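The values are calculated or read from the model by the stated rules, or taken from the named source; none is laboratory data. Note that the coordinates shown come from a computational prediction; the quantities given were computed from them, not determined experimentally. Positions of Cβ are backbone-derived with ideal geometry, glycine not excepted, and every protein chain shown enters the neighbour counts. Calculation scope for accessible area: heavy atoms of the full protein, side chains included, ligands and nucleic acids excluded. Shrake-Rupley method; radii C 1.70, N 1.55, O 1.52, S 1.80 Å.
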Amino acid sequence: ENIGEASRPKVAVVVFLLKGKKVLLGRRRSSVGRDTFALPGGHLEFGESFEECAAREVKEETGLDIHKVEYLTVINNVISKVDKPLHIVAIFMRAFLADHNQTPQNVEPEKCEGWDWYDWNDLPKPLFGPLETMAQSGFNPFPDDYHE
Ligand code: 8DG
Ligand code: MG
Ligand code: MG
């Protein structure tokens, strides 16, 4: 019973924070996906909406305030390359800076090497596995009518 409980899937909310043609990425220091470039995000807390979780995690990890938070897609994600297997249902959102002059701060340096903006057509390597899979499949986080 306990083993099943401990390994039950968790829900994560992950954010494509867009600025011009760029997205915000940070190199992970966490054991899951160490040294890979990933989006800001984290686990859904009790009672939160996806939009609230997106805003909270971005704020906690980067200090940035976001707006126009929108649902994009969901990915069922079984990560086996760690000490214990991990099953995450990841909800992907997109958002924009509430204030274009705000710059990202590395608020959780134990989890991340730092944040920077990267061109969607020239992403850094290695990308975090789930993000790599999305990029490879031709996924585009930008709105259809986007020009900035
Ligand atoms: P928390 O304690 O703040 O709630 O969690 P966290 O430490 O910030 O969690 P995380 O590992 O950054 O994100 C949770 C999970 O989301 C992660 O283990 C796997 C999944 N995930 C993806 N793609 C991405 C991504 O690009 N970035 C992030 N941060 N997580 C992702 O599937
Ligand atoms: Mg977090
Ligand atoms: Mg995180």
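Taking the stated definitions as given, is Gly41 under 14 Å from Ile88 (Cα atoms) and either within 15 Å of ligand 2 (Cβ to nearest atom) or not hydroxyl-bearing (Ser, Thr, Tyr) (or both)? Steps first, please.
On the way: under 14 Å from Ile88 (Cα atoms): yes; either within 15 Å of ligand 2 (Cβ to nearest atom) or not hydroxyl-bearing (Ser, Thr, Tyr) (or both): yes.
So Gly41 passes the test.
Hey, any hits in segment 103-114 for a residue that's β-branched (Val, Ile, Thr), away from ligand 3 (no atom under 14 Å from the Cβ), open to solvent by 30 Å² or more (accessible area, probe 1.4 Å) and modelled with pLDDT of 95 or more? Spell out how you get there, then give the answer.
Step one: list which residues in segment 103-114 are β-branched (Val, Ile, Thr), which gives 103, 107.
If we keep only those that are away from ligand 3 (no atom under 14 Å from the Cβ) as well, we get 103.
Narrowing the set further to residues that are open to solvent by 30 Å² or more (accessible area, probe 1.4 Å) leaves 103.
Filter once more, so that each one left must be modelled with pLDDT of 95 or more: 103.
So far as segment 103-114 goes, yes, one or more of its residues are β-branched (Val, Ile, Thr), away from ligand 3 (no atom under 14 Å from the Cβ), open to solvent by 30 Å² or more (accessible area, probe 1.4 Å) and modelled with pLDDT of 95 or more.
Any residue that is over 16 Å from Val89 (Cβ atoms), more than 15 Å from ligand 3 (Cβ to nearest atom) and modelled with pLDDT of 95 or more - is there at least one of those in segment 8-18? Give the steps one after another, and end with the answer.
First pass over segment 8-18, keeping only residues over 16 Å from Val89 (Cβ atoms): 16-18.
Among the residues that remain, those that are also more than 15 Å from ligand 3 (Cβ to nearest atom) are: 18.
Right, trim to modelled with pLDDT of 95 or more and you get 18.
Looking for residues that are over 16 Å from Val89 (Cβ atoms), more than 15 Å from ligand 3 (Cβ to nearest atom) and modelled with pLDDT of 95 or more, one finds at least one in segment 8-18, hence yes.
Could you tell me how many of the residues in segment 15-33 are assigned to a loop (DSSP other than H, G, I, E, B) and away from ligand 1 (no atom under 11 Å from the Cβ)?
Pass one, segment 15-33, residues assigned to a loop (DSSP other than H, G, I, E, B): 20-21, 29-33.
Filter once more, so that each one left must be away from ligand 1 (no atom under 11 Å from the Cβ): 20-21.
Residues that pass the stated criteria total 2.
Of these, Ala98, Ala12, Ala38, which one is touching a His at 6+ places or on another chain (Cβ under 7 Å) and within 11 Å of ligand 1 (Cβ to nearest atom)? Give the derivation first.
Working: Ala98 fails: within 11 Å of ligand 1 (Cβ to nearest atom); Ala38 fails: touching a His at 6+ places or on another chain (Cβ under 7 Å).
The match here is Ala12.
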